[in-house]
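Colleague: To start, I am sharing the structure in question, which I have written as structure tokens.
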Amino acid sequence: METAIAFIIIFGSIVFFHELGHFIFAKRAGIMVREFAIGMGPKIFGMVKGETLYTIRLLPIGGYVRMAGEDMDSVELQPGYRLGIHLNENNEIDQIVLNQNKQFPDMLFLEVERSDLSKEMFIEGYDEDERLVRYKVSRNAVINENGNETFIAPYDRQFGSKSVGQRSMAIFAGPLFNFILSFFIFIILALLQGVPTYEPIITTVVADSPAAQAGMKDGDLVTEINGNPITSWEELSEEVRVSPNEKMDFSVERNGEILDLTITPNEVTTGKEKVGQIGVQYTSPMEKNPVKAIAYGAEQTYDTTLLIFSALGNLITGQFSIDDLSGPVGIYKVTETVAQSGVYNLMYWAALLSINLGIMNLLPLPALDGGRLLFFLFEAIRGKPVDKQKEGMIHFVGIMLLMVLMVVVTWNDIQRFFF
């Protein structure tokens, strides 16, 4: 149960921030957002606020922001269709009833002749006295169909009416918010745990090692090696590594006093390489510093991003197989293991997943955010959009292929973890 709760919180938070990015920048561009959904599948909770339906759905494996003007969103009233309308104080239609089971006070009935609910915003038709009348439709009008209310989306509130830059930003903001989320998680971890200083302070001297024989002790701060200043553990480690069986002059600070030690690293074979070791162990001191925490957050986000891109490169070049990929089942099992090692490791795991989701969504594949951004790039270069039907078909094929990949990866996870 604890693992399930941890998985839902982590994955739900990552998806929430991803969709929040789409939502915020869509609203900034003036696009009407029909629904903000966390999860997929059947709705288990819904709340309408303003013009947006906020939902939580059964399967915690994704989410979406449904914008006006996408996916057959527009409503067309065919000639001859009989509907009910309600007029506001400006004599504009503010309610359109597509089924006449629901009645409003002062509701009128029309048989549609012509209409435009997007650009010109009007309905023309015959009233009950068979007179041809024309009414302007309010920008805030609502369509009522079988008890479900949907706001009219004027063309300037639709996704397709916006510039390439605005549409691109609304799509790019999802992955961007995943990187921002990881950045802040790393900052919080640095504030709670501290930031590694990487100072060359010896944590433990191994008994009977060259360092112990030379008189080095736990807590010594190495300041120089062979007359060269040492400012980090990486510098110390590299100097020793490349000097097997060579005498090295160490200057160390102990209790405010500078001591000189001569140490000859042992020669150790690792793989095909011979390296030097003096027999010390290291744990970086931690410092709680808000400024360094911000730098640490940026550094960790950058390094993790490079690491994931490197793994993708290995996948493309064949050094990484599809069997090494994990889906929801694999993520769940790793979350179970990480959860046992404490909340800090769980937070770190959430940051890794968030960056992973951001990068995966930026891949230029159909149906992903990166695929849509690629079409926007073509539009910017060509000066006109790609045919909507062709683009829709490509995205549909992409969704089908991604579903097949998801099934394969999930099956591999089930085989690996349960059989």
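The values are calculated or read from the model by the stated rules, or taken from the named source; none is laboratory data. Fair warning: this is a prediction, and the values are worked out from it, not measured in the lab. Positions of Cβ are generated from backbone atoms using ideal geometry, with glycine treated the same way; all protein chains shown enter the neighbour counts. Calculation scope for accessible area: heavy atoms of the full protein, side chains included, ligands and nucleic acids excluded. Shrake-Rupley method; radii C 1.70, N 1.55, O 1.52, S 1.80 Å.
Colleague: When the residues of the stretch 384-417 are narrowed to those that are under 17 Å from Pro364 (Cβ atoms) and charged (D, E, K, R), which ends up modelled with the lowest pLDDT?
Modeller: The selected residue is Glu391.
Colleague: Something else now. Which condition number in (1) of a type outside the set (Ser, Thr, Tyr); (2) modelled with pLDDT of 85 or more; (3) not in a helix (DSSP H, G or I) is the one that Gly318 fails?
Modeller: It is condition (2) that Gly318 fails.
Colleague: Next question, about the same structure. Please work out which residue is least open to solvent (accessible area, probe 1.4 Å), limiting yourself to the stretch 41-62 and to residues that are at pLDDT below 90 and under 23 Å from the mean Cα position of the chain (by Cα).
Modeller: Checked the stretch 41-62; the qualifying residue least open to solvent (accessible area, probe 1.4 Å) is Gly62.
Colleague: Still on this structure, I have one more. All but one of (1) closer than 30 Å to Phe184 by Cα; (2) modelled with pLDDT of 85 or more; (3) in a loop (DSSP other than H, G, I, E, B) hold for Ala367, so report the exception by its number.
Modeller: (2)
Colleague: Restricting to the stretch 321-360, name every residue that is small (Gly, Ala, Ser), modelled with pLDDT of 85 or more and either in a helix (DSSP H, G or I) or surrounded by 18 or more Cβ atoms within 10 Å (Cβ to Cβ) (or both). Give the derivation first.
Modeller: If we filter the stretch 321-360 for residues that are small (Gly, Ala, Ser), which is where we start, we get 321, 326-327, 330, 339, 341-342, 350-351, 354, 358.
If we keep only those that are modelled with pLDDT of 85 or more as well, we get 342, 350-351, 354, 358.
Result: Ala350, Ala351, Ser354, Gly358.
Colleague: Now a separate question. Taking Leu315 as the residue in question, decide whether it is closer than 25 Å to Leu189 by Cα, open to solvent by less than 80 Å² (accessible area, probe 1.4 Å) and either hydrophobic (A, V, I, L, M, F, W, C) or in contact with a helix residue (DSSP H, G or I) (Cβ under 9 Å, 6 or more places away or on another chain) (or both).
Modeller: No; evaluated as a whole, the condition is false for this residue.
Colleague: Can I ask one more? With the requirement that a residue be touching a residue at least 40 places away in the same chain (Cβ under 8 Å) and not β-branched (Val, Ile, Thr), what does the stretch 112-148 give you?
Modeller: Leu117, Ser118, Tyr135, Lys136, Ser138, Asn140, Ala141, Asn144, Glu145, Asn146, Gly147
Colleague: Residue by residue through the stretch 136-149, note down the ones that are part of a strand (DSSP E or B) and among the small types (Gly, Ala, Ser).
Modeller: Result: Ser138, Ala141.
Colleague: Do you know which of the residues in the stretch 183-210 that are in contact with a Lys or Arg (Cβ under 9 Å, 6 or more places away or on another chain) and open to solvent by less than 50 Å² (accessible area, probe 1.4 Å) is farthest from Glu267 (Cα to Cα)? Don't jump to the end; show me each part of the working.
Modeller: We begin by selecting, within the stretch 183-210, every residue in contact with a Lys or Arg (Cβ under 9 Å, 6 or more places away or on another chain); these are 190-195, 197, 202, 205.
Checking which are open to solvent by less than 50 Å² (accessible area, probe 1.4 Å) leaves us with 190, 194-195, 197, 202, 205.
Values: Ala190: 37, Gly194: 35, Val195: 33, Thr197: 29, Ile202: 20, Val205: 17 Å.
Here the residue is Ala190.
Colleague: Sticking with this structure for a sec: Which pairs do you get when a residue that is within 18 Å of Asn356 (Cβ to Cβ) and touching a residue at least 24 places away in the same chain (Cβ under 8 Å), found in the stretch 1-28, comes within reach of a residue that is open to solvent by 40 Å² or more (accessible area, probe 1.4 Å) and not in a helix (DSSP H, G or I), reach meaning Cβ atoms under 8 angstrom, with the pair 6+ apart or on two chains?
Modeller: Qualifying pairs under 8 Å: Phe7/Pro60; Ile8/Pro60; Phe11/Pro60; Phe11/Ile61; Gly12/Pro60; Val15/Pro60; Glu19/Tyr64.
Colleague: Might you check whether a residue that is in contact with a helix residue (DSSP H, G or I) (Cβ under 8 Å, 6 or more places away or on another chain), assigned to a helix (DSSP H, G or I) and farther than 25 Å from Gly46 by Cβ occurs anywhere in the stretch 118-135?
Modeller: So far as the stretch 118-135 goes, no, none of its residues is in contact with a helix residue (DSSP H, G or I) (Cβ under 8 Å, 6 or more places away or on another chain), assigned to a helix (DSSP H, G or I) and farther than 25 Å from Gly46 by Cβ.
Colleague: So how many residues does the stretch 82-119 have that are in contact with a strand residue (DSSP E or B) (Cβ under 9 Å, 6 or more places away or on another chain) and under 27 Å from Gly160 (Cα atoms)?
Modeller: The number of residues fulfilling the criteria is 13.
Colleague: Residue check: is Val65 in contact (Cβ under 8 Å) with a residue 24 or more places away in the chain, closer than 15 Å to Phe151 by Cα and part of a strand (DSSP E or B)?
Modeller: Taking the combined requirement at face value, the residue does not satisfy it.
Colleague: Considering only residues that are within 40 Å of the chain's Cα centre (by Cα) and part of a loop (DSSP other than H, G, I, E, B), look in the stretch 265-296 and name the one that is farthest from Val205 (Cα to Cα).
Modeller: Among those that are within 40 Å of the chain's Cα centre (by Cα) and part of a loop (DSSP other than H, G, I, E, B), it is Asn289.
Colleague: Within the group Ile10, Ile31, which residue is closer than 28 Å to Val164 by Cβ, in contact with a helix residue (DSSP H, G or I) (Cβ under 7 Å, 6 or more places away or on another chain) and open to solvent by less than 40 Å² (accessible area, probe 1.4 Å)?
Modeller: Every option except Ile31 fails the conditions.
Colleague: Looking at (1) open to solvent by less than 30 Å² (accessible area, probe 1.4 Å); (2) not in a helix (DSSP H, G or I); (3) not polar (S, T, N, Q), can you tell me which one Asp260 breaks?
Modeller: Exception for Asp260: condition (1).
Colleague: Taking the stretch 91-141 on its own, how many of its residues are over 43 Å from the mean Cα position of the chain (by Cα) and either modelled with pLDDT under 90 or open to solvent by 20 Å² or more (accessible area, probe 1.4 Å) (or both)?
Modeller: The first filter runs over the stretch 91-141 and keeps only residues over 43 Å from the mean Cα position of the chain (by Cα), leaving 91, 100-101, 103-114, 124-135.
Keeping just the survivors that are either modelled with pLDDT under 90 or open to solvent by 20 Å² or more (accessible area, probe 1.4 Å) (or both) gives 91, 100-101, 103-109, 111, 113-114, 124, 126-135.
Residues meeting the conditions: 24.
Colleague: I'm checking my understanding of the structure. Among residues of the stretch 68-81 that are touching a strand residue (DSSP E or B) at 6+ places or on another chain (Cβ under 9 Å) and without any contact (Cβ under 8 Å) to a residue 60 or more places away in the chain, which one is nearest to Ala170 (Cα to Cα)?
Modeller: Out of the qualifying residues, it is Glu76.
Colleague: Those residues that are more than 21 Å from Asp260 (Cβ to Cβ), part of a helix (DSSP H, G or I) and aliphatic (A, V, I, L, M), I need them from the stretch 179-222; list them, please.
Modeller: Ile180, Leu181, Ile185, Ile187, Ile188, Leu189, Ala190, Leu191, Leu192, listed by residue number.
Colleague: If I ask for residues that are open to solvent by 70 Å² or more (accessible area, probe 1.4 Å) and either assigned to a helix (DSSP H, G or I) or in contact with a helix residue (DSSP H, G or I) (Cβ under 6 Å, 6 or more places away or on another chain) (or both), which ones from the stretch 406-419 would you list?
Modeller: Met406, Val407, Trp411, Gln415, Arg416, Phe417, Phe418
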